[in-house]
1. If a residue must be crowded, with 17+ Cβ neighbours inside 10 Å and assigned to a helix (DSSP H, G or I), how many such residues does region 243-273 contain?
2. Grab the strands (runs of 3 or more DSSP E) fully contained in region 145-222, keeping just those with 3 or more residues being surrounded by 20 or more Cβ atoms within 10 Å (Cβ to Cβ).
3. Given the structure, is G173 of a type outside the set (K, R), free of Cβ contacts under 8 Å to residues at least 12 places away in the same chain and either over 17 Å from A278 (Cβ atoms) or not assigned by TED's automatic domain parsing to the domain that holds S274 (or both)?
4. Output the number of the condition that V221 fails; it satisfies all remaining conditions of (1) in contact (Cβ under 8 Å) with a residue 40 or more places away in the chain; (2) in contact with a Phe, Trp or Tyr (Cβ under 9 Å, 6 or more places away or on another chain); (3) among the hydrophobic types (A, V, I, L, M, F, W, C).
5. Report every pair of residues separated by at least 6 positions or lying on different chains whose Cβ atoms are under 9 Å apart, first residue within region 100-126 and of a type in the set (S, T, N, Q), second in a strand (DSSP E or B) and at pLDDT 85 or above.
6. So, D198, is that one under 26 Å from S259 (Cβ atoms) and touching a residue at least 24 places away in the same chain (Cβ under 8 Å) or not?
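The values are calculated or read from the model by the stated rules, or taken from the named source; none is laboratory data. Just so it is clear, the structure is predicted and the values come from calculations on it, not from any experiment. In this analysis, Cβ positions are derived from the backbone assuming ideal geometry, glycine residues included, and neighbour counts consider all displayed protein chains.
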Amino acid sequence: MTAGAGPDAAGTAPAPATERLRVLLVTGLSGAGRTTALKLLEDMGYEAVDNVPLALVDGLAFGSGPRQPLAIGFDTRSRDFAEGAVLERIEPLMHHPELEVRLIFLTCSDEVLRRRFTETRRRHPLALDRPVTDGISAELRLLEPLRARADLVIDTSGLAIADLRQLLRGHFGLASHPAMAIGVVSFSYRYGLPREADLVFDVRFLRNPHYQPGLRDLTGVDPEVAAFIEADPAFAPFYEALTGLLEPLLGHYEREGKSYLTIAVGCTGGRHRSVGVAERLAAWLRGQGRAVSVRHR
């Protein structure tokens, strides 16, 4: 090549790298909320398409139209769905240099699924002439490889639509560099741990306002209860250690690429101590400039 003949020598800058197109593949158990998730993603700015034959996914991702982020839904009812063929078809997409592909799997407890099918009077697609439980079991086995491969598994058993929206926005919001969103949830140990929790803190060691006649009917949101909790000699060292732990952890999670973090705080009844600590923690996080949502179960 003659010196000075390259494109830079002519004063033409090299073409910028094409931004990768985000493609969300949304699947999961029938009745777990795939259709709802797709509608929420559409509200967030994605082009949402449901029950697409898998043979057409390539065409959607590499079509000639405007490059709008895609949310593509599919499940066992999709026309060419077959257990092995699904992964064979989507694996090349997940490694394509022009695409940012994430596989989302929606799941739900058997009990809640049975209730949802009963309430809507729908038959399970894999058990049209058999009990719903047979269809749920068959679908669990069929979709297990997809669940194992998923980038994100969302259990919708106890999620309201608002919670699912916040979760999806935290993970897949379309801002250029979204800050990690944080959800703080209080809960009662009587009803088990929140399935979505990343970090869980047990505050049952604090004095219980339930045994104070003037506080029993209040909650941790009330100033009187909050003051009682914070007056416990055990509270200050615990809270200092908690915030001291979280401050570096949040930065580590963000650098790792985590976009949504759920912190759960639990006590016996889920009414006083867990609520009070969750509210105090959320206030501290907001003071750190964090995007925070609070939910009391």
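1. Number of matching residues: 4.
2. Once the strands (runs of 3 or more DSSP E) in region 145-222 are filtered for at least 3 residues that are surrounded by 20 or more Cβ atoms within 10 Å (Cβ to Cβ), what remains is 181-188.
3. Details: of a type outside the set (K, R): yes; free of Cβ contacts under 8 Å to residues at least 12 places away in the same chain: no; either over 17 Å from A278 (Cβ atoms) or not assigned by TED's automatic domain parsing to the domain that holds S274 (or both): yes.
Spelling it out, it is not the case that G173 is of a type outside the set (K, R), free of Cβ contacts under 8 Å to residues at least 12 places away in the same chain and either over 17 Å from A278 (Cβ atoms) or not assigned by TED's automatic domain parsing to the domain that holds S274 (or both).
4. (2)
5. T107/G28; T107/V153; T107/I154; T107/D155; S109/D155
6. So D198 passes the test.
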